[in-house]
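Novice: Below is one structure. I have some questions about it.
The values are calculated or read from the model by the stated rules, or taken from the named source; none is laboratory data. What you see is a predicted model; the values in this text were computed from it and never measured. Note: ideal-geometry Cβ built from the backbone for every residue, glycine included; neighbour counts use all protein chains shown.
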Amino acid sequence: MGGTRRSTVWTRSAGLLLTVGAGWLVAMALGVEDAPSSPGYLFAVNALLGFGLYASTRGIDLAEFRRHWGTVVAAVTLGVLLKVALIFGVLYLFHSRPEHLLLAVAVAQIDPLSVAALRAGSRLSEAGKTLLAAWSSFDDPITVLLTVYLTALVVGGDAPLSGAGLGTFAVNLGLNVALAGAAFALWHAIRRRRASRPGGGGPAGRAAMVAAVPAVGLLAARFSLLPALALIGLFYRPGRDADVDRAARVVMYLGTFAVGLVLVGGVDLATGALLGLAAFLAQVVAAVLLTARPQWRGDRTRLALGQQNGLTAVILALMLAPVLPDAVAVIAPAIVVVNLLHAVTNSAFDRFRPPKPEPEPAPEPESELATPPVVRTAFPAVPPRPALRVEIPSVVDAPVRH
């Protein structure tokens, strides 16, 4: 079991590196010098990230989510701010550049697509999986808002992103809630229609529920309403979980390929490696502080080693490119470094700290109609006494006197 798990982790790491390299080679071979400027690149990245958000929240155990909502809220607010401060502190220590605060924001979030793709093989408890999935799904709006405001603060009031103020953010948030509300109404109507028909509407009804997911997803990707997909995943869950898990793994590699496409513009490997290492260590500190309660003891280390980056960081890097030209060159290699650290550290932890064996299930209680068990005592068994047999003469056989 352990050998299989370790080989899977290393195979995944090699696969990610090969996929990043393939994206870079394709961009070089086709002469694509600026892939993000192509019309379809941002839409494709948004679509992949949107599926990751939906798949991540779709796998959340709602009972666990309600039970630990306080920790989730702390993780996506205080946790993100703490991670930004720690990452920026490391970068400033080595480079003393205030604009690197924006790079810290870009990698402070956890990539929901990677979390969704690796959920099936995770050794976290259901509570731990719920916390990590919710953390990765709902920290994106915080990082986007920080990117907008810190750009104006660090770069200046005339920065291209400075006009995107609180009003713009509020309008976008309202549109996300409206789209999620419309999806909820559609889901409720389909459920009522299926319930009113014998057999739930048959295959056609099930197909309609499944087909609604990509339709809403494409709409969200077209208008950049990705947080709506995270909300939709909390209630709209047609199809099988195994199919979603397989699709998430495929989409994760497509997203990694998209990361490789942006490497053709050049990379700052030294700064990127430092940024990736700082992001990974910041997650360790934040997770240890947020999971200090005894209930998280079994998941604390794996949550601390849970930092992953991907398409969200790429999108934020593209947003920052007009004001920070080297953002993509630094963030792209940082994504690779973070994901390699995630694979190596989790593999080492699983090797030296294998999970506890699952407790054997308790035997099912016997039915009340079953034969009661024989109770054995320390006293010798007393043989049963023979039954007294009394013969009563039959009236029929008695002689009749006249």
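Novice: Report, ordered by the first and then the second residue, all pairs with beta carbons closer than 7 Å, sequence separation of six or more or different chains, a first member in region 113-133 that is touching a residue at least 60 places away in the same chain (Cβ under 8 Å) and among the hydroxyl-bearing types (Ser, Thr, Tyr), and a second member that is surrounded by fewer than 24 Cβ atoms within 10 Å (Cβ to Cβ) and not in a helix (DSSP H, G or I).
Specialist: Hits for this filter: Ser125/Gly298; Ser125/Asp299; Thr130/Ile60; Thr130/Asp61; Thr130/His68.
Novice: Can you tell me which of (1) touching a residue at least 60 places away in the same chain (Cβ under 8 Å); (2) within 18 Å of His100 (Cα to Cα) is the one Asp326 doesn't meet?
Specialist: (1)
Novice: Another question, if that's okay. Does region 267-285 contain any residue that is touching a residue at least 24 places away in the same chain (Cβ under 8 Å), surrounded by fewer than 21 Cβ atoms within 10 Å (Cβ to Cβ) and under 18 Å from Gly15 (Cα atoms)?
Specialist: no
Novice: Name, by its number, the condition in (1) at pLDDT 80 or above; (2) exposed (fewer than 12 other Cβ atoms within 10 Å of the Cβ); (3) hydroxyl-bearing (Ser, Thr, Tyr) that does not hold for Ser196.
Specialist: (1)
Novice: Among the helices (runs of 4 or more DSSP H) lying completely within region 246-323, list those that include at least 2 residues that are closer than 15 Å to Leu103 by Cβ and among the small types (Gly, Ala, Ser). Explain how you work it out, then say what you get.
Specialist: Working: elements: 269-290, 300-304, 311-320.
The qualifying helices (runs of 4 or more DSSP H) are 269-290, 311-320.
Novice: Right, something else. Scan (1) under 22 Å from Leu229 (Cβ atoms); (2) buried (at least 24 other Cβ atoms within 10 Å of the Cβ) for the single condition Ile60 breaks and write down its number.
Specialist: Failing condition for Ile60: (2).
Novice: Keeping to region 19-36, report how many residues are part of a helix (DSSP H, G or I), within 14 Å of Val259 (Cα to Cα) and of a type outside the set (Val, Ile, Thr).
Specialist: At the first step, the residues of region 19-36 found to be part of a helix (DSSP H, G or I) are 19-30, 35-36.
If we keep only those that are within 14 Å of Val259 (Cα to Cα) as well, we get 19-28, 35-36.
Next, only the ones that are of a type outside the set (Val, Ile, Thr) stay: 21-25, 27-28, 35-36.
Number satisfying all stated conditions: 9.
Novice: Report, by residue number, each residue of region 329-354 that is farther than 20 Å from Met252 by Cβ, of a type in the set (Val, Ile, Thr) and surrounded by fewer than 23 Cβ atoms within 10 Å (Cβ to Cβ). Reasoning before the result, please.
Specialist: The first filter runs over region 329-354 and keeps only residues farther than 20 Å from Met252 by Cβ, leaving 329-330, 348-349, 351-354.
Imposing the further condition that a residue be of a type in the set (Val, Ile, Thr) reduces the set to 330.
Hits for region 329-354: nothing passes.
Novice: Scanning for something closer than 15 Å to Pro112 by Cβ, polar (S, T, N, Q) and in contact (Cβ under 8 Å) with a residue 40 or more places away in the chain, does region 57-76 turn up at least one residue? It would help to see each step written out before you state the result.
Specialist: First, the residues of region 57-76 that are closer than 15 Å to Pro112 by Cβ: 57-60, 65, 72, 75-76.
Subsequent filtering for residues that are polar (S, T, N, Q) retains 57.
From what is left, the residues that are in contact (Cβ under 8 Å) with a residue 40 or more places away in the chain are 57.
Scanning region 57-76 turns up at least one residue that is closer than 15 Å to Pro112 by Cβ, polar (S, T, N, Q) and in contact (Cβ under 8 Å) with a residue 40 or more places away in the chain.
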